[in-house]
1. Between Gln259 and Ala158, what FRET efficiency comes out of the Förster formula 1/(1 + (r/R0)^6) with R0 = 22 Å and r the beta carbon distance, rounded to 0.05?
2. Where the only charges are on Cβ atoms (+1 Lys, Arg; -1 Asp, Glu), what is the dipole of region 3-66 about its Cα centre, to the nearest 20 debye?
3. With all pairs of different alpha carbon atoms counted, what Kirkwood hydrodynamic radius in Å does region 24-165 show?
4. How large is log10 I(q)/I(0) at q = 0.06, 0.09, 0.12 Å⁻¹ when the Debye formula is applied to the Cα atoms of the chain, each weighted equally and without solvent?
5. With point charges of +1 on the Cβ of Lys and Arg and -1 on the Cβ of Asp and Glu, referenced to the Cα centre of the chain, which listed residue (Leu102, Thr13, Thr141) lies farthest in the positive direction of the dipole?
6. Dipole of region 10-296, Cα-centred, from +1 at each Lys and Arg C-beta and -1 at each Asp and Glu C-beta, to the nearest 20 debye?
7. From the phi of every residue in region 164-178, what ³J(HN,Hα) in whole Hz does the Karplus formula 6.51 cos²θ - 1.76 cosθ + 1.60 yield, where θ is phi - 60° and glycine or proline is x?
8. How much length would be gained if the chain were fully extended between His217 and Asp147, taking 0.36 nm per residue of separation minus their Cα-Cα distance, in nm to one decimal?
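Nothing in this text is a laboratory measurement; each read-out follows from the coordinates by a stated rule. Here the structure is a predicted model, which is why all the values come from computation and not from measurement. Glycine gets a Cβ as well: all are built from the backbone with ideal geometry, and neighbour counts include every protein chain shown.
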Amino acid sequence: MTSLPTNLPTWLTREYPFTPRTFVTPRGARMSYLDEGPRVERAVVMLHGNPTWSFYYRHLVQALAGQCRCVVPDHIGMGLSEKPQDYAYTLATRIADVEALLESLGIQQVDLLVHDWGGAIGFGLAGRMPARVGRIGILNTAAFPLDRIPARIAVCKAPGVGPLLVRGLNGFAGPATWMAMHRRRLTRQEKRAYLFPYDTWEHRVAVSAFVRDIPMHPQHPSWATLVETQRGLEQFRDRPITIVWGGRDFCFNDLFLAQWRQIFPAADITRLADAGHYVLEDAREDVVPQLVTFFTRSRA
């Protein structure tokens, strides 16, 4: 197994000024996570997808931590977490890993923010503890199956050629640094930070596994978990929900947004027509203040 970094480079800590903590998952892998803000039993839990990591939420954590506890894990194999080559990189395992982390921290009430594959993980988690879930923020994600996948991602899922592209040529995390942006370009240091955890074949094991774990048919190992997650969505219709959507997302496009509108018809929806898949990064001057207001607003 690959050990966790003990000393982050100075250039990265300027962008990511936190002290990551470590949790050992039920399967024995070391998970890196942020736990910022007051040590209370209610937390805003932010879940990233592929190929990002907790770095994606850095500006929001800095803006929220003065008022809210912010818990932001790096999924196993991602970010600063351990990158075992033989881990069960499935949706069910990822849900269980985050659930175990929250239990270890004594988190009793969860406000949830999800992006990309974090949507399936987050709503899968929420379905296991519905009475403990409060506010929900949704950023360009899905928690339900749809029978479409961009051709460029389908290629990365293909046996043989997929791992060669994703792990050998960094053909997923690398292109994401420009394909997932539209309003602006990542700075050199931001791009460097997004790619920092994924610098070798071994360190890209979960980037490839995340792509392969996208279930497109009932025979897929994660299909049943995703369908179960979908079935549980409507029980959250009475929660405060905000959806902030990048309209220039090449993957989670407006077909997914239309599905969210059907599931949560009372949700507050902001569609940013010129923002890409990394909507929180691409349009952070708009999105961060909106989410701070949302998560700090009284439930009354």
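1. After rounding to 0.05, the efficiency reads 0.25.
2. On the way: 7 positive and 4 negative charges, 26 e Å.
With Lys and Arg at +1 and Asp and Glu at -1, about 120 debye.
3. For region 24-165, inverting the mean 1/r across all distinct Cα pairs yields 15.8 Å.
4. -0.16, -0.38, -0.72
5. So the residue furthest toward the plus end is Thr13.
6. Working: 32 positive and 28 negative charges, 67 e Å.
With only Lys, Arg, Asp and Glu charged at Cβ, the dipole is about 320 debye.
7. Here the 3J(HN,Hα) series is 4, 5, 6, 8, x, 9, 6, x, 10, 5, x, x, 4, 5, 10 Hz.
8. On the way: separation 70, 0.36 × 70 = 25.20 nm, distance 0.84 nm.
That works out to 24.4 nm of additional length.
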